[in-house]
Amino acid sequence: MLHFIEKFSNLKLPFLTTLQICLDLGTTNTRIAIKDKGVVLQEPTYLGLNKKVHEYIFFGQEAKRIVGKVPEFIKIVKPVVNGIISEFDAQVALIQNFIQKGVAPYMVNYPFIKPPLDAIVAVPSIATEIEQKAVEEVLLKLGVRKVFLIERPLATAMGCGFNIFMHKPVFVVDLGGGLIEMAVISGGGIVMQKTLRTAGDHMNKLIYNYIHLKHGLILGEATCEELKVRLLNFTNEEKTMMVRGKSLENGLPKSVKIRTSDIKEALLSQLNLIIDTVKEIIELSPPEVVDEIFNRGIVLTGGLSNISGIDAFFTEELKNIKVSLAENRDLTTISGLMRIGRRKDLLQRLKIQLP
Ligand SMILES: Nc1ncnc2c1ncn2[C@@H]1O[C@H](COP(=O)(O)OP(=O)(O)OP(=O)(O)O)[C@@H](O)[C@H]1O
Ligand SMILES: [Mg+2]
């Protein structure tokens, strides 16, 4: 009998509860978490479309792996561009697949009727009302009961471990794939912010252009990203990598050795733009905020903050301002969403009110 009661109390009853999921719909990577369980999925935001039958057949990692290697009838689609949904149907198909992969296995804990889903989703602060609505629509289309949208910099700052409700400004720079979001947050809101649409993905294109011009070589997108990840560092380490591409001269395969210094040169203007924008935010901030920024420093997060020595590079360029790296840099936004989801009052306070 006792055994039965114990078993029964472990069962999750759908009519008593909803399942809360959190989504970070990043340009390069999508993350999904389940309340009380943690992150259940992190996959590239890529799909493969079979154009002949108009059906999506590759999702996430498997789609990213085949970029540049697909036959004519398959098109690789990136449904999110600069943090904004640009291909609605593709995004629905991708999230449906990801929920199936990441969330559905958890549903076995609900043996009778499946509980309705509530979703907490981060949206970039530059998203227009229509773009925010599109995010909500994607999830409603997938059967989600309620969607709570949260401004992404707020979630990211929470994920960095800050109490964003204190009147003590924090400066967070999220160096992502599609956006570089910089925000000073205080008292539960954004005090000052700037966003660059030229982030990690754009850097891959700059590398492509540079190698094209300097070496007369055409490279694939994946190789350009690999060059950035493997060679770029700010620790004075000069690394090299041999790459093979197509010669501009005769269209034949050609190999070239690329160095860290090449990648830095290719990205110099982009790196300067990031630093200049941080300086601009500081210049535009009220004196009390500037004082706090000097006291507390700047926190870097997002995929590009994995570049080794990037904190030292920022420190050197920004003089006197302490720059540090967030913990768990690939998961700060989703961790922040989970922190918000744990507290009903925070969720109500931070959710974006859509008309
Ligand atoms: N070690 C590394 N060195 C350099 N770049 C890296 C490294 N690791 C990841 N990146 C880059 O980080 C970017 C992805 O970052 P992230 O996962 O934070 O983006 P995202 O959250 O999907 O996009 P966004 O938040 O901009 O919408 C990619 O451009 C990737 O190449
Ligand atoms: Mg991101």
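The values are calculated or read from the model by the stated rules, or taken from the named source; none is laboratory data. Predicted model only: the values in this text are computed from it and were never measured. Here the Cβ positions follow ideal geometry from the backbone for every residue, glycine too, while neighbour counts run over all protein chains shown.
All but one of (1) surrounded by fewer than 19 Cβ atoms within 10 Å (Cβ to Cβ); (2) within 16 Å of ligand 2 (Cβ to nearest atom); (3) among the acidic types (Asp, Glu) hold for Asp174; state the number of the condition that does not hold.
Against the list (1) surrounded by fewer than 19 Cβ atoms within 10 Å (Cβ to Cβ); (2) within 16 Å of ligand 2 (Cβ to nearest atom); (3) among the acidic types (Asp, Glu), Asp174 comes up short only on (1).
Could you count how many residues in segment 298-312 are surrounded by fewer than 18 Cβ atoms within 10 Å (Cβ to Cβ) and out of contact with any Asp or Glu (no Cβ under 9 Å at 6 or more places or on another chain)?
First, the residues of segment 298-312 that are surrounded by fewer than 18 Cβ atoms within 10 Å (Cβ to Cβ): 306, 308-309, 312.
Checking which are out of contact with any Asp or Glu (no Cβ under 9 Å at 6 or more places or on another chain) leaves us with 312.
Of the residues in segment 298-312, 1 are surrounded by fewer than 18 Cβ atoms within 10 Å (Cβ to Cβ) and out of contact with any Asp or Glu (no Cβ under 9 Å at 6 or more places or on another chain).
Restricting attention to segment 168-196, report how many residues are of a type in the set (Lys, Arg) and near ligand 1 (Cβ under 9 Å from one of its atoms).
Going through segment 168-196 one residue at a time, the tally reaches 0.
Given the criteria among the aliphatic types (A, V, I, L, M), assigned by TED's automatic domain parsing to the domain that holds Gly303 and under 19 Å from Arg343 (Cβ atoms), does Val170 qualify?
For Val170, the condition - among the aliphatic types (A, V, I, L, M), assigned by TED's automatic domain parsing to the domain that holds Gly303 and under 19 Å from Arg343 (Cβ atoms) - is met.
Is at least one residue of segment 103-119 within 15 Å of ligand 1 (Cβ to nearest atom) and buried (at least 17 other Cβ atoms within 10 Å of the Cβ)? Break it down into steps so the answer makes sense when it comes.
Applying the first criterion (within 15 Å of ligand 1 (Cβ to nearest atom)) to segment 103-119 yields none.
Among the residues of segment 103-119, not one is within 15 Å of ligand 1 (Cβ to nearest atom) and buried (at least 17 other Cβ atoms within 10 Å of the Cβ), which makes the answer no.
Within segment 161-177, is even one residue without any contact (Cβ under 8 Å) to a residue 60 or more places away in the chain and β-branched (Val, Ile, Thr)?
Looking for residues that are without any contact (Cβ under 8 Å) to a residue 60 or more places away in the chain and β-branched (Val, Ile, Thr), one finds at least one in segment 161-177, hence yes.
Could you tell me whether segment 89-102 includes any residue that is in the same structural domain as Gly341 (by TED's automatic domain parsing), within 16 Å of ligand 1 (Cβ to nearest atom) and closer than 19 Å to Gly303 by Cα?
no
Would you confirm whether or not segment 66-73 contains a residue that is buried (at least 19 other Cβ atoms within 10 Å of the Cβ), within 13 Å of ligand 1 (Cβ to nearest atom) and in contact (Cβ under 8 Å) with a residue 12 or more places away in the chain?
For segment 66-73, residues buried (at least 19 other Cβ atoms within 10 Å of the Cβ), within 13 Å of ligand 1 (Cβ to nearest atom) and in contact (Cβ under 8 Å) with a residue 12 or more places away in the chain: absent.
From the list Leu213, Leu206, Leu154, which one is more than 9 Å from ligand 1 (Cβ to nearest atom), assigned to a helix (DSSP H, G or I) and within 22 Å of Asp330 (Cβ to Cβ)?
Leu154 is the lone residue from the list that is more than 9 Å from ligand 1 (Cβ to nearest atom), assigned to a helix (DSSP H, G or I) and within 22 Å of Asp330 (Cβ to Cβ).
Restricting attention to segment 319-347, which residues are of a type in the set (S, T, N, Q) and outside any loop (DSSP other than H, G, I, E, B)?
Ser324, Thr332, Thr333, Ser335, listed by residue number.
Here's a check for you: in segment 53-65, which residue that is within 14 Å of Glu43 (Cα to Cα) and not polar (S, T, N, Q) is surrounded by the most Cβ atoms within 10 Å (Cβ to Cβ)?
Ala63
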